[in-house]
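The values are calculated or read from the model by the stated rules, or taken from the named source; none is laboratory data. On a predicted model such as this, the values are computed, not experimentally measured, just so you know. Cβ atoms come from the backbone with ideal geometry, glycine included; neighbour counts cover every protein chain shown. The protein model used for the area step is the full one, side chains on, heavy atoms only, and it has no ligands, DNA or RNA in it. Shrake-Rupley method; radii C 1.70, N 1.55, O 1.52, S 1.80 Å.
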Amino acid sequence: MEHLTSVQDLSNEEVMELIRQGETFKNSPVAVHPQSITMANLFYENSTRTHMSFEQAERRLGYQVLPFEVSQSSVNKGESLYDTVITLEAIGANALVIRHSQNEYYLDLLKELNKHHHKIHLINGGDGSGQHPSQCLLDMMTIYEEFKHFDGLKVAIIGDIKNSRVARSNAQLLNQLGSEVFFSGPEAWYDPQMDQYGSYQDIDQLIDQMDVVMLLRVQHERHSDDPLEESFDPKRYHEKYGINLDRYQKLQDHAILMHPGPINRDVELASELVESEKSRFVQQMENGVYMRMAILKSVIEGEK
């Protein structure tokens, strides 16, 4: 695997191999041997979980990590993403994790890198409302730990579907792995293109039938031109689309709740349920380190 930019690039066999490798890292002590591998994390959008877990994964694997802060870089002098990438490669970076606000930023970037025969490897840490492959894969690892399979599982993805790269990546890969996907949330924030992966239904028609309920954060930062943003009421949203105690109690006994974070407590999920028995929020964050170790190992070994 030379790069990881989209879950659409992965076969089911590759997904399962990454899950197995993630589980190996989780269940076995990792012998860290310093290697001549240097990483840099370029986050053009804010992040806690993805940024920090990639850095933790890199350090656990014994890689050197070049510090990079957009606010202190030549990006503020007008340097392009391409020039930033080739600069980091020139000073020794073997691979980069990049989060960017532009959808599919990696397409033109990879064309230019290939055109000039650069060898640096890219891992997409999230692009706009497009793809979030590492979050998707850690979610798959979390689901697999719970059920040991994907085929026939009923999964609801609820919230701001239109603006969510997590929704898009997870729906695509769950569909590919044989799960049955459903969507819910505000109809104005639903993307009809998602119909190819599942069906939109009212949350209360779904809640007692699902094996997995994935909640999504309302992406206020992407609603600048949305008239609904001005009238947004957190309490009303929670009543109509959130998981409160009443909906929680309607979940099947074996069902689990998931959320990519950050959670808006008492909006998409009641605060008292964030660390409830059915919630896998903390487990997802823990699995993020191990899955990202697996991704890094696969990309770097692809170089060899």
Somewhere in the range 248-257, is a residue open to solvent by 50 Å² or more (accessible area, probe 1.4 Å), touching a residue at least 24 places away in the same chain (Cβ under 8 Å) and within 20 Å of the chain's Cα centre (by Cα)? no
How many residues does the range 65-123 hold that are open to solvent by less than 80 Å² (accessible area, probe 1.4 Å), outside any helix (DSSP H, G or I) and among the polar types (S, T, N, Q)? 5
Would you tally the residues in the range 197-213 being within 16 Å of P186 (Cβ to Cβ) and either acidic (D, E) or in contact with a Pro (Cβ under 8 Å, 6 or more places away or on another chain) (or both)? 2
When you check R247 against the structure, is it part of a helix (DSSP H, G or I), modelled with pLDDT of 95 or more and under 20 Å from Q131 (Cβ atoms), yes or no? no
In the range 266-283, what residues are surrounded by fewer than 23 Cβ atoms within 10 Å (Cβ to Cβ) and in contact (Cβ under 8 Å) with a residue 40 or more places away in the chain? V267, E268, R280, Q283
Regarding the range 132-142, can at least one residue be identified that is surrounded by fewer than 18 Cβ atoms within 10 Å (Cβ to Cβ) and under 25 Å from H220 (Cα atoms)? no
Please give the number of the condition M1 fails out of (1) in a helix (DSSP H, G or I); (2) open to solvent by 40 Å² or more (accessible area, probe 1.4 Å). (1)
